[in-house]
Amino acid sequence: MTPVLRSSHRKAGFDTVFHGLLLICSLLVLAMLGGLILLMATGGWQAFARFGLSFFTKASWNPVRDVYGVLAPLLGTLVSTLIAMLIAVPMAFGTAFWLTYIASGRFSSIVGTTIQLLAAVPSIIFGMWGFQTIVPFIARDVQPFLNHHFRHVPGLGPIVSGPPVGTGLVTSGIVLAVMVAPFITAVMVDVFGAVPPMLRESAYGLGATRWEMMRKIVVPWSRNGMIGAIVLGMGRALGETMAVTFIIGNVTTVGWSLFAPRSTVASLIALQFPESPEGSIRLSSLMALGFILMLLSCVSLVLARCLRGKRQ
Amino acid sequence: MTASVTPASSSGAGRTGSDSGRWRPGRKAMRRQMLDYVATGVSIAAGSVLLLVLVSILWTLLSRGLAGLSWATVTHRMGPPGSGGGLANAIVGSLLQTGLALLMAAPVGLMCGIYLSEYGRKGNHFASVVRFVADMLMSAPSILIGLFIYQLLVVPFGHFSGFSGAVALAVLALPLIVRTTEDMLCLVPTAMREAGAALGAARWRVILFLCLRSARKGVTTGILLALARMGGETAPLLFTSLGNQTMSTDMTRPMASLPIAIYQYAGASYEDWVQLAWTGALLVTFGVLLINITVRLSSRH
């Protein structure tokens, strides 16, 4: 009797140790996010305290006079993400529609894998590719064309004007779009695949065409999942650094033109960091920017969670 | 049974004229048909654009990068322009940092994933918080992870180091490993756990030797994909391992890495540095794609 008891004691003992070990590792994950947010907030505190509200309303980023405002990079991030989403969402939706309902099984699995590979390409490669192909295309073909034909159209003129250098919000929007589109596509394919076949067959049985089946059955059924996918893709575009740094132009100005060089939060952090000595107000401003970016990313994730959660 | 059975009656299009027997689409049916064709065409075009982008990226990489690919590139260390430098120290640095990061992230990630799947099923609020935080870490911009580790490890020690670069990469990979491990363990049938428990095995033994072993393949896939993700990541290394022109295997000193070398050289005005940047980009991309293709091919069987 005794040995059995002793061994079961030992087992129970190790089970507790094991459980504790697992708990510690889970706590470590919690501590990481906590530390991330805390260190950003404390690092950026100096800037928040010194500039107050003008930190958000001033567009100047002036290292000479040591005055910093986040309006320019913040607008750059938001507008380039918006452009990216306007391009990426229709592209991802179309691709997912093609892969799930139009293409034949074998073909769609090959194309699906290829597009997933595109999602695995490191972001710095997208930046170099954009610099090599998209920037010259915009500078040589798109900008002269737009400048020539739309310069005097009221409302449109200021948006398309600018020196034909090719870098700017539209360029980064395009590159961000092809970067996040494969990711959104992959999630959408999963969501579309989860629609019960019986619903689709009923639609066909009633004489619906493929597009009508898509629009009236699949889209309403998977709306929340699709929105979740889009918001997650948006989170990626918001925080992207390396791809954008190559092609945004990195000028901290605010203006109407979508084709003039601008900057985004992440690219500004990456570029200004090496010139910001430790403990300076400049570094603190960068940390504050990081904190704002973290908040944006958290908000987009919570949004995705809420929208997705409603279905269950 | 007296109702007409022609498709026209159900799709809302009328018969045209008196030549009954042959059905012709009405205007509405034509419009619907056209709309369907247009939608199909547009979505095929959208997919083709994505495929074209991938081809264009690969083509750009190959056409710019292959020219500089030689034995000297992978054996010589980085040097001043015109001196025939290579990328050897960057490659070594990348391997060291990614390897160390994997050694740190994999055990912690596995443990956390096990906790979530085995102890954190429904009703465990702590587990759902951990799950949410892991998702949040996964979507956190990678440059912020670099800033975080800079504050945590670089500022207190006073210098950049390869070790802090590895920690930053580990933070990046951790949530990925956690979530895939959890997903894979959840696929293991409960009957397997019950069978183990019925034979008198302790819980840790059941988890490690039954569940984890049967989910081995999926878990390895997750770790490999995390490795591929780390290999191409630049932003977190900018503020942590900084980059280094000389060959260094000392983890406490600044260390070179392939993505950083690409970043530094791509914007340079020397022709041979730009060439090295493209060659490095080719190496990184094909390394990452190779891991991905291997994982996908092996998981299909």
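Just so it is clear, none of the values below were taken in a lab; they were calculated from the coordinates. A quick note: this is a predicted structure, and the numbers were derived from the prediction, not measured. When we count neighbours, we look across all protein chains shown, and the Cβ atoms used for this are built from the backbone with ideal geometry, even at glycine.
Computed on the Cα atoms alone, the convex hull of the stretch A:136-237 gives a volume of 152 cubic angstrom per residue. Full extension of the chain segment joining B:F157 with B:S83 gains 23.2 nm, where the gain is 0.36 nm per residue of separation less the Cα-Cα distance. Extension gain for B:S56 to B:Q33 (0.36 nm times residue separation, less C-alpha to C-alpha distance): 4.9 nm. The alpha carbons of the stretch B:201-267 stretch over 57, 24, 18 Å along the principal axes, in descending order.
Our note on the geometry: Cα centres of the stretch A:156-174 and the stretch A:89-142, 22 Å apart. As a calculated quantity, the FRET efficiency between A:T16 and A:A194 at R0 = 35 Å, using C-beta atoms, amounts to about 0.30. The trypsin sites (Lys or Arg not before Pro) of the stretch B:37-130 meeting both criteria, a DSSP state outside H, G, I, E and B (loop) and at most 14 other C-beta atoms within 10 angstrom of the site's C-beta, are B:R121, B:K122. With only the Cα atoms considered, the stretch B:76-176 has a convex hull volume of 116 Å³ per residue. Residue by residue along A:141-148, Cβ atoms of other protein chains within 10 Å of the local Cβ number 0 on average.
For chain B, the Kirkwood hydrodynamic radius comes to 23.4 Å, computed from all pairs of different C-alpha atoms. Over the Cα atoms of the stretch B:72-115, the radius of gyration divided by the Kirkwood radius equals 1.35; this is the Rg/Rh ratio. For the stretch A:186-243, dividing the convex hull volume of the Cα atoms by the residue count gives 77 Å³ per residue.
Computed from the Cβ-Cβ distance with R0 of 51 Å, the FRET efficiency linking B:A191 to B:F286 stands at 0.75.
Scanning chain A for long hydrophobic helices, with DSSP H runs required to stretch 15 angstrom or more by C-alpha along their axis and to average at least -1.0 on the Kyte-Doolittle scale, returns A:2-51, A:71-97, A:105-120, A:169-193, A:223-239, A:281-309. Sketch the reach of a paramagnetic label on B:E271 as a point 7 Å from Cα along Cα-to-Cβ, and name the residues of the stretch B:75-93 whose backbone nitrogen lies under 18 Å away. Backbone N within reach: B:80-86.
When the alpha carbon gyration tensor of the stretch B:245-301 is reduced to an equivalent ellipsoid, the three semi-axes, largest first, read 28, 18, 7 Å.
Rg and Dmax of the stretch B:26-134, both derived from C-alpha coordinates alone, stand at 26.3, 75 Å. The distance between label points at B:L95 and A:E201 comes to 5.5 nm (points 7 Å beyond Cα on the Cα→Cβ vector). In this calculation the C-beta distance from B:W71 to A:F137 is compared with R0 = 30 Å, giving a FRET efficiency of 0.25.
Residues A:S267, B:S43 in ascending order of nearby Cβ atoms (within 10 Å, fewest first): B:S43, A:S267. The mean of 1/r over all pairs of different alpha-carbon atoms in the protein assembly as shown, once inverted, gives a Kirkwood hydrodynamic radius of 26.7 Å.
Considering the stretch A:90-176 at the alpha-carbon level, its Rg and Dmax are found to be 17.5, 51 Å. Sorted largest first, the spans of the alpha carbon positions of the stretch B:159-227 along the three principal axes are 55, 20, 14 Å.
Partner shielding of A:262-274 amounts to 3, given as the average count of beta-carbon atoms from other chains within 10 Å of each residue beta-carbon.
Shown here are the Rg and Dmax of the Cα trace of the stretch A:142-301, at 21.3, 69 Å.
Inter-chain neighbour count for B:50-63: the average number of beta-carbon atoms from partner chains within 10 Å of each residue's beta-carbon is 6.
Of the trypsin sites (Lys or Arg not before Pro) found in the stretch A:45-140, those that fall in a DSSP loop while having at most 16 other beta-carbon atoms within 10 Å are A:R65.
Size of chain A from its Cα atoms: along the principal axes, largest to smallest, the extents are 91, 66, 33 Å. Taking 0.36 nm per residue of separation and subtracting the Cα-Cα distance, full extension of the segment from A:T253 to A:V64 would add 66.5 nm.
Only helical runs count toward this figure. For chain A, summing -39,500 (n - 2.57) over DSSP H runs of n ≥ 4 and dividing by all residues gives -22500 deg cm²/dmol at 222 nm.
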